[in-house]
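Chemist: Got a structure for you, questions after.
The values are calculated or read from the model by the stated rules, or taken from the named source; none is laboratory data. Remember, predicted model here, so these are calculated numbers, not experimental data. Cβ placement follows ideal geometry from the backbone for every residue including glycine, while neighbour counts extend to all protein chains displayed. Accessible surface is based on the protein model in full, side chains and every heavy atom, while ligands, DNA and RNA are left aside. Shrake-Rupley method; radii C 1.70, N 1.55, O 1.52, S 1.80 Å.
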There are 2 protein chains.
Amino acid sequence: MDDKNISQAVVARLPRYYRYLGDLKDSGIERISSQDLSKLMQVTASQIRQDFNNFGGFGQQGYGYNVEYLYNEIAKILGLNEKHNLVIIGAGNLGQALANYVNFERRGFIVKGIFDKNPDMQGRELRGIAVQSVKNLERFVRENDIDIAVLTIPKDGALKMAETLVKCNIKAIWNFAHVDLNVPDSIVVENVHLSDSLMKLSYGIVNKKLNNSKDTE
Amino acid sequence: MDDKNISQAVVARLPRYYRYLGDLKDSGIERISSQDLSKLMQVTASQIRQDFNNFGGFGQQGYGYNVEYLYNEIAKILGLNEKHNLVIIGAGNLGQALANYVNFERRGFIVKGIFDKNPDMQGRELRGIAVQSVKNLERFVRENDIDIAVLTIPKDGALKMAETLVKCNIKAIWNFAHVDLNVPDSIVVENVHLSDSLMKLSYGIVNKKLNNSKDTE
């Protein structure tokens, strides 16, 4: 189906490259060797070369990488050269935090609408956008060329909301609800399960403690 | 050093098992076969068996898994049977969202203090906890048996804050700042880079579009 299917592991590393290259660019650095990039990012130089080879290289022997070129190329691969309209569903603290995160907008993710089922929230403004009733959601998504729905509602409502979003042909769901969504493969889902992350942290603490007590035995 | 070192991939899957088992338990289900768990979670039964074998099994031939037992065992492995005191650094929207997330407390993660460098925020209460000046942070961490620092400040201040946290012997940092922290290996760091996640979503959208247009060629 796709002859240049890139492994999920490589894709997962791209945003980090993009972040570091952005910082280099902002510091006025024009080129960098894979060795220096390797040191900076604490990954092996061969990993970096392999990763970039998935997209045809970018490097030149003896010159290294042109920072701005590489930055822009990775942006294209990540689709950051296109604008994506999004809606936020759930205007609680997390929804508000995401709505107020201006960096997203700088990267082409435009908050077009914010929805909440709580009538007390409706009409309040977040960054100049009035919170609407979720009743308006389907029509809004269809009429405003919305690509992405950001789901920041409790898990009980999330499954049903995902069904609604499937019906109005959403392309992607950024899911913060504490549940796995069951949607067709044609829809991109990226989960941010904060509790899962906190549990991994907790595992790390307990495990380090075990190791440390073994070390001193 | 540690003879039962478990791969990061397995550890990363444990919170998801824990989540599903919690839902089963809440639904009153007492046991489940690896086949049924496999169907529910959409991972292979052999993957489930292999994962659990890292911790000595838990299953019984012909009986399946005892849901509550397995739930409790995974909780222990993840360190959720212990209480962890935490501080939130940065009382902006995201810090507030995390402070208000009661489920963390139910799982033993107790918010003890909230800090912000902005004087306007100081003294405000979040869930009954007054926001303090970051000047108090070091002493507070030392005196209140704090395991975890939740970092929800912009990246510029995050590196310096991480140094401070290292000095006061924090065990773990849950890092939401858009930068990789440089701390000793003895400190557990779990990153939640929201922009990275959004970029993966964007990559997915672009890539699906390419695939779909190829399909219809």
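Chemist: Across the range B:83-125, which residue is nearest to B:LEU151 (Cα to Cα) among those that are of a type in the set (Gly, Ala, Ser) and open to solvent by 10 Å² or more (accessible area, probe 1.4 Å)?
Modeler: The selected residue is B:GLY92.
Chemist: Would you confirm, using the coordinates I've provided, whether B:LEU40 is within 14 Å of chain A (Cβ to nearest Cβ), buried (at least 20 other Cβ atoms within 10 Å of the Cβ) and either in contact (Cβ under 8 Å) with a residue 60 or more places away in the chain or hydrophobic (A, V, I, L, M, F, W, C) (or both)?
Modeler: no
Chemist: Taking the residues in the range A:152-181 that are more than 12 Å from every other protein chain (Cβ to nearest Cβ) and open to solvent by less than 30 Å² (accessible area, probe 1.4 Å) as candidates, determine which candidate is farthest from B:LEU21 (Cα to Cα).
Modeler: Step by step, filter the range A:152-181, then rank; the result is A:CYS168.
Chemist: Another question, then. Output the residues belonging to the range A:131-148 that are within 15 Å of A:LEU86 (Cβ to Cβ), open to solvent by 40 Å² or more (accessible area, probe 1.4 Å) and in a helix (DSSP H, G or I).
Modeler: A:ARG142, A:GLU143 - these are the residues of the range A:131-148 that are within 15 Å of A:LEU86 (Cβ to Cβ), open to solvent by 40 Å² or more (accessible area, probe 1.4 Å) and in a helix (DSSP H, G or I).
Chemist: The conditions are (1) open to solvent by 60 Å² or more (accessible area, probe 1.4 Å); (2) acidic (Asp, Glu); (3) within 22 Å of the chain's Cα centre (by Cα); (4) over 30 Å from B:THR152 (Cα atoms), and B:GLU73 fails exactly one of them. Which is it?
Modeler: Failed condition: (1).
Chemist: Out of the residues in the range A:182-204 that are at the interface with chain B (Cβ under 7 Å from one of its Cβ atoms) and of a type in the set (S, T, N, Q), which is surrounded by the fewest Cβ atoms within 10 Å (Cβ to Cβ)?
Modeler: A:SER186
Chemist: Inspect the range A:66-87 for any residue being of a type in the set (A, V, I, L, M), in contact (Cβ under 8 Å) with a residue 60 or more places away in the chain and away from chain B (no Cβ under 12 Å) and give the result as yes or no.
Modeler: yes
Chemist: Please count how many residues of the range A:149-194 are β-branched (Val, Ile, Thr) and part of a loop (DSSP other than H, G, I, E, B).
Modeler: So the first thing to find is which residues in the range A:149-194 are β-branched (Val, Ile, Thr), and the list is A:150, A:152-153, A:164, A:166, A:170, A:173, A:179, A:183, A:187-189, A:192.
With the extra rule that they be part of a loop (DSSP other than H, G, I, E, B), the set shrinks to A:152-153, A:170, A:179, A:183, A:187, A:192.
Total satisfying the criteria: 7.
Chemist: If I ask for residues that are under 30 Å from A:LYS76 (Cβ atoms), among the charged types (D, E, K, R) and without any contact (Cβ under 8 Å) to a residue 24 or more places away in the chain, which ones from the range A:95-130 would you list?
Modeler: Across the range A:95-130, the qualifying residues are A:GLU105, A:ARG106.
Residues checked against (1) modelled with pLDDT of 90 or more; (2) among the polar types (S, T, N, Q); (3) closer than 30 Å to A:PHE115 by Cβ:
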{"residue": "A:ARG49", "(1), (2), (3)": "no, no, no"}
{"residue": "A:PHE52", "(1), (2), (3)": "no, no, no"}
{"residue": "A:GLY59", "(1), (2), (3)": "no, no, no"}
{"residue": "A:TYR71", "(1), (2), (3)": "yes, no, no"}
{"residue": "A:ILE89", "(1), (2), (3)": "yes, no, yes"}
{"residue": "A:LEU94", "(1), (2), (3)": "yes, no, yes"}
{"residue": "A:ASN100", "(1), (2), (3)": "no, yes, yes"}
{"residue": "A:ASN103", "(1), (2), (3)": "no, yes, yes"}
